[in-house]
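Here the structure comes first, spelled out in C-alpha cells, and everything after it is commentary.
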Amino acid sequence: MNYIKFYPVLLVWPIWLYTVITQNLWYDIFSDYWPATIGMILGSFIAGSTPLGGGVIAFPIAVLVLQFTSYESRDASVLVQSIGMNAAAFLLITTKSYLLNKTIIYTNIVFGCIGMLFGLAFNESPELINTIYTVTVLCFGIIYFYTNIIDKNPQTDSVEIETTDNNKQIQNETDIELKDVDIKTENTTKSGFELAKRDILAYGLMGLFGIIGGFITASVGSGSDIAVFVFGIYCWNNIYPENKLDDNIFTASSVVVMGVMSALTVFTRALSNPGFTSEVMLCFGAMSFVVVIGAPIGSLVLTPSNLKYLQYMFYCLAIIQFILFGWLKIGDNVTVWIITSIIVILVISLLMIHYFIKKRRINKRMNRKDRVESKSVIKFKAVD
C-alpha cells in the first residue's frame, strides 16, 4: 500500500482542479504567478527533507520576484506550508513514525501557538519582517553548517562514542574501588533532585524555543521548524547526553510541528481583518498543487545517505538569499546591517563556546579512560 503515502494528493488535487475550472482561473494563476510554481518544485522538496520549510523559497520569490509586500509574502509562505508541510507530516506519521518524538512535537505546538498569537498581534513594519527573515535564514545556515561540518568531526565523534562505551564497561565491572562506590552512592541520593532540575531546564527551554518559533512563523511564515531543530541539537542532546536523539528525529519532528503551526496560523489569519488578498490566494493556487506531492517526496529521501547533499543545497540557498535580500531589500540601511552583524556575531560566539566546552569534556573523558586503563594494567599484573 505504497500509495497511502500520497493520500493528501488525492484530497488536494480534486479540490484544486474544481476551483480552478469552475472559477476559470487558469490564466489568472499562471500568467503572473508561474515563477512561484517553478520555485516551489524545489521549495517543496526542501520542506520535506530539511529542518527548514518551503517558506525559504516561497517568501523570497514573493518579495523579490512577484513584488509582494512583506505581509503578503508572509501569508503566501504560511499558506503553501499549510499544504506542503502537512502532506510531508502525513507521510512521516504513516510510514516513519519511529522518527517522531511526541514530547517535542506536542510541547512545541502548544507554546508555538502562544508565540504565533503574539506575532500576529504585533504589527511589524515591512523592514522588520524582511530583517527577521534575513537574519533567521543566515543564522540558521551558520548553525546548520557548524552542526554538520564542524561539530560532526569524525574523530571527535569516534572518541566520544568510544569513551562512552568504555565508561559503560567500567560501570558493569564488579571489581570497583571503594571510592567509586561512594561516588555512585552519592550520585544515587541526588539523582531525583538532579533529574527534576534537568526536566525543568529542558521543558522550560523547549517552551521558550516554541514561543520564539511561533513568533517568527507569524512574522515571516516559517520558523517553528528551525526552533525545534536548534533546541534538539543544542539543548535536548546536552541536557540528556545519555538519551541523545539523531538529527533525523529532530528534522522529522520539526516537519510535523511546522505543519500544525502553519495550519493554525492560516486559520487565525483567515479569521482576522483584513484576511488574505486575492493576489495571495492566486499565488497560493500556483503553488499548492505542486507542494502537496513535492514535500512527501522530500520526506522519502530523508535518509542518512542523502542527507549530506540536502545540506549542501541548503548552504547554497542560505548564502544566495542573504546576498539578494541584503542587496535588494536592506540596501544602505545602516541600522539593519548593525543589528544583523550583532546577532550573527552573537550566534558565532555561542557556537564557539559550545565547541570549546564539548572539546574540554571529551578531553576529560580521554584522560579518565587513560587512568582507568592504567589501573587495569596494574591490577592485571598484580594478579599474575
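Details
- Among the candidates F111, F145, residue that is under 30 Å from K308 (Cβ atoms), assigned to a helix (DSSP H, G or I), open to solvent by 70 Å² or more (accessible area, probe 1.4 Å) and at pLDDT 75 or above: F145
- Residue match in the stretch 124-132 (condition: within 30 Å of L328 (Cα to Cα) and modelled with pLDDT of 85 or more): no
- Taken over the stretch 269-295, residues that are of a type outside the set (A, V, I, L, M) and within 23 Å of K5 (Cβ to Cβ) amount to 3.
- Where helices (runs of 4 or more DSSP H) fall wholly inside the stretch 1-83, the ranges with 3 or more residues that are modelled with pLDDT of 85 or more and surrounded by fewer than 24 Cβ atoms within 10 Å (Cβ to Cβ) are 7-22, 26-30, 34-49.
- Some residue of the stretch 369-379 being at pLDDT below 85, closer than 27 Å to V230 by Cβ and open to solvent by less than 80 Å² (accessible area, probe 1.4 Å): no
- Filtering the stretch 264-281 for residues that are closer than 29 Å to I114 by Cβ and at pLDDT below 80 leaves an empty set.
- Scan of the stretch 84-108 for residues that are hydrophobic (A, V, I, L, M, F, W, C) and not in a helix (DSSP H, G or I), ordered by number: L100
- Checklist (1) more than 18 Å from Y144 (Cα to Cα); (2) open to solvent by 30 Å² or more (accessible area, probe 1.4 Å) applied to N238, failing item: (1)
- Candidates in the stretch 353-367 are the residues that are over 24 Å from the mean Cα position of the chain (by Cα) and of a type outside the set (A, V, I, L, M, F, W, C); of these, the one that is nearest to D151 (Cα to Cα) is K359.
- The residues of the stretch 111-121 that are within 15 Å of T268 (Cα to Cα) and touching a residue at least 40 places away in the same chain (Cβ under 8 Å), listed by number, are G112, C113, I114, G115, M116, L117, F118, G119, L120.
- Counted residues, the stretch 253-283 - those being in a helix (DSSP H, G or I) and either surrounded by 24 or more Cβ atoms within 10 Å (Cβ to Cβ) or among the β-branched types (V, I, T) (or both): 15
- Filter pass, S125 being out of contact with any helix residue (DSSP H, G or I) (no Cβ under 7 Å at 6 or more places or on another chain) and over 21 Å from S219 (Cα atoms): no
- Check on S219, among the polar types (S, T, N, Q) and within 15 Å of the chain's Cα centre (by Cα): no
The values are calculated or read from the model by the stated rules, or taken from the named source; none is laboratory data. Worth saying up front: this structure is predicted, and the values here are computed from it rather than measured. In this analysis, Cβ positions are derived from the backbone assuming ideal geometry, glycine residues included, and neighbour counts consider all displayed protein chains. Remember, those area values only see protein heavy atoms, side chains included, never the ligands or the DNA or RNA. Shrake-Rupley method; radii C 1.70, N 1.55, O 1.52, S 1.80 Å.
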